[in-house]
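The values are calculated or read from the model by the stated rules, or taken from the named source; none is laboratory data. If you're wondering where the values come from, they're calculated on a predicted model, not measured in any experiment. Cβ placement follows ideal geometry from the backbone for every residue including glycine, while neighbour counts extend to all protein chains displayed.
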Amino acid sequence: MNKKMVLACIDGSALSDAVCDYAAWIAERIDVPLKLLHTIDHHHETAATTDLSGNLGVNSRDHLLEEMSDLEHVKSKARIRLGKSILQEASDRVIEMGISTSINCLQHGSLVESLTEFEDDISIFVLGARGKIHEDQSNQIGAKLEAMIRSLHRPILVANQAFKTPRRIMIAYDGGEAAENAVDMVADSPLYKGLVCHLVCVDKKGVAENLLDKAAHRLGAAGGIDVVSAHLQGKVEHKLCEYQLSHHIDVTIMGAFSHTRLHDLLVGSFTVKMLLNTKTPLLLLRSKDSIIYES
Amino acid sequence: MLLLSRKQDWLGNICGDILAGLVVALALIPEAIAFSIIAGVDPKVGLYASFCIAVVTAFVGGRPGMISAATGAMALLMVTLVKEHGLQYLFATTLLTGGIQIVAGYLKLGSLMRFVSRSVITGFVNALAILIFMAQLPELTHVTWQVYAMTLGGLAIIYLFPYFPVVGKSIPSPLMCIIALTAIALTLNLDIRTVGDMGDLPDTLPIFLWPDVPMTLATLTIILPYAIPLAVVGLLESLMTATIIDDLTDTDSNKNRECKGQGIANIGSGLLGGMAGCAMIGQSVINIKSGGRGRLSTLLAGTFLLIMIVFLDQWISQIPMAALVAVMIMVSIGTFNWSSIRDLKENPLSSNVVMVMTVIVVVWTHNLALGVFVGVLLASLFFANKISHFMYVDSELDESNDIRTYHVVGQVFFSSADKFVAAFDYKEAVEKIVIDLHRAHFWDITSVSSLDKAVIKLRRQGAEVELIGLNEASSTIIDRFGVHDNPEEIEKMMGGH
């Protein structure tokens with residue numbers, strides 16, 4: 001079987017550099033190939049030309065088709081050129097980071113479609129928290145980020161700031177299925193060897209200590225990881241973000257969107273709140289994630 | 001989930017959809033009135049229908065950006081119904097048409113469109129254009145010279161106005177034509193026919209009404225013969241238009257949803273005092289050209305239409321018929337596939353015959369469903385005939401053993417069966433005859449019985465007949481193609497041919 005890859009989604013926006021760096025860091029540590037993906041979304045639902053003359057002449061259908069396809073041909077060509085240069089830049093960057101070679105991939109269509117298509121060959125996705133549209137608004141997350149995370153079933157690293165080599169990671173631990181997965185993943189993967197891992201549990205009065213002990217034991221048994229446990233009280237997303245700052249956490253690992261859409265619609269999604277508030281990149285795990293980082 | 005739409009289908013193109021919706025609404029008014037006149041009903045029937053169908057298909061249609069409303073193709077099928085049984089029966093027929101279309105949608109009959117070849121579609125479109133043009137002729141016969149002058153002037157405005165700098169591309173030229181001709185008719189006080197002369201215009205919002213017909217079997221026998229061709233033509237034109245929009249915008253549509261959506265829209269139209277309708281090729285192209293892409297454009301086209309007809313009814317009744325005729329001639333010119341005439345020289349004769357016969361049958365019967373039926377039938381026959389050439393039988397004689405071996409290669413079916421039987425030499429006196437069917441395909445019962453016939457004939461001449469490869473040859477006779485739909489099976493079956 002081929003090695004599963006790290007996939008970095010590059011769109012040429014401000015966060016693309018960070019995406020490259022994190023992807024390169026992971027690919028190097030777990031020794032798998034790195035794939036760089038840029039998609040050209042054509043947005044056919046939006047009209048490119050407007051002619052309000054409202055009449056129909058001889059063969060106007062053919063003329064219209066010709067006109068529209070010519071226009072799109074030129075536009076697409078330009079976007080392919082741009083896409084290639086974005087990928088080239090990214091590729092140069094990861095090679096500088098010490099990756100021997102990257103697989104560059106340029107695709108037409110929406111990013112979600114491409115990601116779902118590649119999913120089987122990927123061990124981890126690396127995305128930016130914001131794309132081109134919200135580039136300057138650091139309090140916003142990308143328009144399609146939630147849809148993307150929901151449609152994927154592999155770990156997703158959401159980069160939201162310039163790369164900082166991770167030394168201290170934090171697992172937002174609530175004893176749920178995704179959280180258990182996170183603990184297993186950290187214990188088993190070579191990626192986290194030599195790092196300090198903070199196990200943080202918020203609320204869960206009474207059972208928290210027990211849960212934390214079990215998880216800490218699991219991590220400790222794996223070896224190579226320093227475990228720090230913490231039990232906090234308060235509003236979950238605020239407490240976690242405060243903890244990120246006070247303990248200089250570099251990456252936060254948590255389960256994502258494990259509730260139904262209806263639940264999220266009514267009480268708001270915890271994952272979205274975290275995406276909006278987090279001070280560190282988030283490594284999100286969907287609850288259906290199976291064995292991760294197999295290579 | 002008919003109402004489940006993607007967000008970008010509604011909000012992906014707000015600005016373009018608003019402008020295009022306005023342009024389309026303006027263009028829908030003359031068409032809805034003209035098609036009402038074709039059907040022989042008051043203009044308000046067509047206008048209410050157009051409003052209702054456009055608004056409903058915006059929500060439940062399968063092709064964002066396509067415009068559905070009262071159409072000429074449908075109007076032509078209602079003429080005798082309205083004349084003989086009246087308006088209430090038209091409403092009842094409209095409901096039944098919608099019902100049939102919904103059933104067709106659930107039965108996924110939209111996929112039957114694949115049997116309608118390119119030539120039939122071209123024939124359909126050309127016939128439609130000719131019919132729309134012919135429907136204008138009553139307005140152009142036995143009239144004063146002023147009407148001709150007005151119509152020509154109107155056409156000139158429609159085609160030349162877009163060349164004006166700045167305003168040309170921002171004001172729809174059919175609208176300019178209508179405004180200019182109405183102004184001329186009013187100032188010169190010309191004595192020519194106006195829309196007001198053609199019947200009632202809407203003055204209120206449409207109201208819900210159940211058709212006033214007896215719910216009996218007798219009613220059904222009246223309306224069913226109209227509802228079936230209406231349902232068929234409506235679906236044909238809608239699916240055809242959807243394909244055109246798919247090609248223009250390089251996006252996909254949901255054909256079965258479109259069938260159901262048209263059905264729901266027609267039921268709505270029937271309940272609001274409208275006639276049956278379907279997608280409009282010309283209007284949909286105008287919508288795309290004007291920058292419309294999403295469902296919003298269709299919704300707004302219907303909404304603007306209703307607002308305009310309710311508030312401007314006094315003005316609309318003043319529009320001279322000549323202006324409508326000019327607009328409809330434009331629609332007819334725009335609908336006709338002119339390159340199909342140029343291509344007549346290059347296309348194979350069989351394709352041309354299919355196209356021209358479709359046109360002739362439609363123009364003759366005013367029934368697009370019949371035309372398509374004839375076209376599809378002809379195309380299938382031509383195809384069967386073509387394939388029947390792909391069969392030959394050769395043979396060799398083993399003189400020492402007195403054995404004649406026939407090798408059958410190719411397609412044996414109803415059209416090539418006679419040729420197959422005739423390929424054997426029944427005069428030759430040999431001990432044994434071997435028929436090798438390894439490379440033959442038997443497609444139907446006719447081919448099997450023709451094989452029986454040949455074998456019996458040969459046996460009667462005293463020869464021992466041996467068939468080899470019969471199982472392989474007749475594997476194609478099975479109707480269940482699901483098993484064979486994978487490449488290896490097809491390769492195994494058709495290998496060597």
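Answer with yes or no whether A:Ala216 is surrounded by 20 or more Cβ atoms within 10 Å (Cβ to Cβ) and among the small types (Gly, Ala, Ser). Steps first, answer last, please.
On the way: surrounded by 20 or more Cβ atoms within 10 Å (Cβ to Cβ): no; among the small types (Gly, Ala, Ser): yes.
It is false that A:Ala216 is surrounded by 20 or more Cβ atoms within 10 Å (Cβ to Cβ) and among the small types (Gly, Ala, Ser).
Take the conditions in the same structural domain as B:Asp247 (by TED's automatic domain parsing), in a helix (DSSP H, G or I), modelled with pLDDT under 95 and in contact with a Cys (Cβ under 9 Å, 6 or more places away or on another chain) and apply them to B:Val327. Does it pass?
Numbers: in the same structural domain as B:Asp247 (by TED's automatic domain parsing): yes; in a helix (DSSP H, G or I): yes; modelled with pLDDT under 95: yes; in contact with a Cys (Cβ under 9 Å, 6 or more places away or on another chain): yes.
The answer is yes for B:Val327.
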Exercise. Would you kindly identify the helices (runs of 4 or more DSSP H) lying entirely within segment B:333-443 that contain at least 3 residues that are buried (at least 20 other Cβ atoms within 10 Å of the Cβ)?
Key: B:349-365, B:368-388
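What number of residues within segment B:243-263 are of a type in the set (Gly, Ala, Ser) and more than 14 Å from chain A (Cβ to nearest Cβ)? Lay out the reasoning, then the answer.
Restricting attention to segment B:243-263, the residues satisfying the condition of being of a type in the set (Gly, Ala, Ser) are B:253, B:261, B:263.
With more than 14 Å from chain A (Cβ to nearest Cβ) added as a condition, the list becomes B:261, B:263.
So the answer is 2.
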Exercise. Starting from segment B:450-466, keep only residues that are more than 21 Å from B:Gln411 (Cα to Cα), then list their pairs with residues that are of a type in the set (Gly, Ala, Ser) whose Cβ atoms are within a distance under 9 Å, requiring at least 6 positions of separation or different chains.
Key: B:Gln461/B:Ala429; B:Gly462/B:Ala429; B:Ala463/B:Ala429; B:Val465/B:Ala454
Exercise. Of the numbered conditions (1) at pLDDT below 85; (2) under 26 Å from A:Phe125 (Cα atoms); (3) assigned to a loop (DSSP other than H, G, I, E, B), A:Lys205 fails exactly one; give the number of that condition.
Key: (2)
Quiz item: Quick one: in segment A:35-46, which of the residues that are at the interface with another protein chain (Cβ under 7 Å from one of its Cβ atoms) and in contact with an Asp or Glu (Cβ under 8 Å, 6 or more places away or on another chain) is nearest to B:Asp250 (Cα to Cα)?
Solution: A:His44
Exercise. Please enumerate the residues belonging to segment A:224-270 that are out of contact with any Gly (no Cβ under 7 Å at 6 or more places or on another chain) and either at positive phi or not assigned by TED's automatic domain parsing to the domain that holds A:Leu211 (or both).
Key: A:Gly234, A:His248, A:Phe257, A:Gly268
Quiz prompt | Residue check, B:Ile184 in the same structural domain as B:Ala32 (by TED's automatic domain parsing), farther than 28 Å from B:Thr303 by Cβ, under 29 Å from the mean Cα position of the chain (by Cα) and buried (at least 18 other Cβ atoms within 10 Å of the Cβ) | solution = no
Quiz prompt | Unique residue being within 14 Å of chain A (Cβ to nearest Cβ) and among the small types (Gly, Ala, Ser) when the list is B:Gly40, B:Gly16, B:Gly105 | solution = B:Gly16
Practice problem: Could you please let me know if A:Val94 is modelled with pLDDT under 95, part of a helix (DSSP H, G or I), in the same structural domain as A:Ile30 (by TED's automatic domain parsing) and within 28 Å of B:Thr251 (Cα to Cα)? | Solution: no
Quiz item: Applying the selection to segment B:305-336, what residues are away from chain A (no Cβ under 13 Å) and either aromatic (Phe, Trp, Tyr) or in contact with a His (Cβ under 9 Å, 6 or more places away or on another chain) (or both)?
Solution: B:Phe311, B:Trp315
Self-check item: Breaking point among (1) among the aromatic types (Phe, Trp, Tyr); (2) closer than 30 Å to B:Phe208 by Cβ; (3) without any contact (Cβ under 8 Å) to a residue 60 or more places away in the chain, for B:Phe382
Solution: (2)
Quiz item: Would segment A:45-56 turn up any residue that is charged (D, E, K, R) and either modelled with pLDDT of 90 or more or under 38 Å from the mean Cα position of the chain (by Cα) (or both)?
Solution: yes
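For segment B:1-24, name all the residues that are part of a helix (DSSP H, G or I) and surrounded by 24 or more Cβ atoms within 10 Å (Cβ to Cβ).
The answer is B:Gly16, B:Asp17, B:Ala20, B:Gly21, B:Val23, B:Val24.
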Exercise. State all residues of segment A:29-87 that are touching a helix residue (DSSP H, G or I) at 6+ places or on another chain (Cβ under 8 Å), in a helix (DSSP H, G or I) and charged (D, E, K, R); if no residue qualifies, say none.
Key: A:Arg29, A:Arg61, A:Asp62
Quiz item: Among the residues of segment A:97-112, which ones are at pLDDT 90 or above and among the hydrophobic types (A, V, I, L, M, F, W, C)?
Solution: A:Ile103, A:Cys105, A:Leu106
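Loosely packed, with under 15 Cβ neighbours inside 10 Å, within 14 Å of another protein chain (Cβ to nearest Cβ), over 30 Å from B:Pro172 (Cβ atoms) and not polar (S, T, N, Q): which single residue out of A:Glu113, A:Glu66, A:Glu117, A:Glu96 fits that description?
Details: A:Glu66 fails: over 30 Å from B:Pro172 (Cβ atoms); A:Glu117 fails: within 14 Å of another protein chain (Cβ to nearest Cβ); A:Glu96 fails: within 14 Å of another protein chain (Cβ to nearest Cβ).
Answer to the check: A:Glu113.
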Self-check item: Complete set of residues in segment A:275-295 that are modelled with pLDDT of 85 or more and either under 17 Å from A:Val251 (Cβ atoms) or in a loop (DSSP other than H, G, I, E, B) (or both)
Solution: A:Leu275, A:Asn277, A:Thr278, A:Thr280, A:Pro281, A:Leu282, A:Leu283, A:Leu284, A:Leu285
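Restricted to segment A:69-88, and to residues that are in contact (Cβ under 8 Å) with a residue 12 or more places away in the chain and away from chain B (no Cβ under 14 Å), which residue is farthest from B:Lys289 (Cα to Cα)? Reasoning before the result, please.
Within segment A:69-88, the subset in contact (Cβ under 8 Å) with a residue 12 or more places away in the chain is A:71-72, A:75-76, A:79-80, A:82-84, A:86-88.
With away from chain B (no Cβ under 14 Å) added as a condition, the list becomes A:79-80, A:82-84, A:86-88.
Working: A:Arg79: 24, A:Ile80: 26, A:Leu82: 28, A:Gly83: 29, A:Lys84: 32, A:Ile86: 33, A:Leu87: 35, A:Gln88: 38 Å.
Per the criteria, the residue is A:Gln88.
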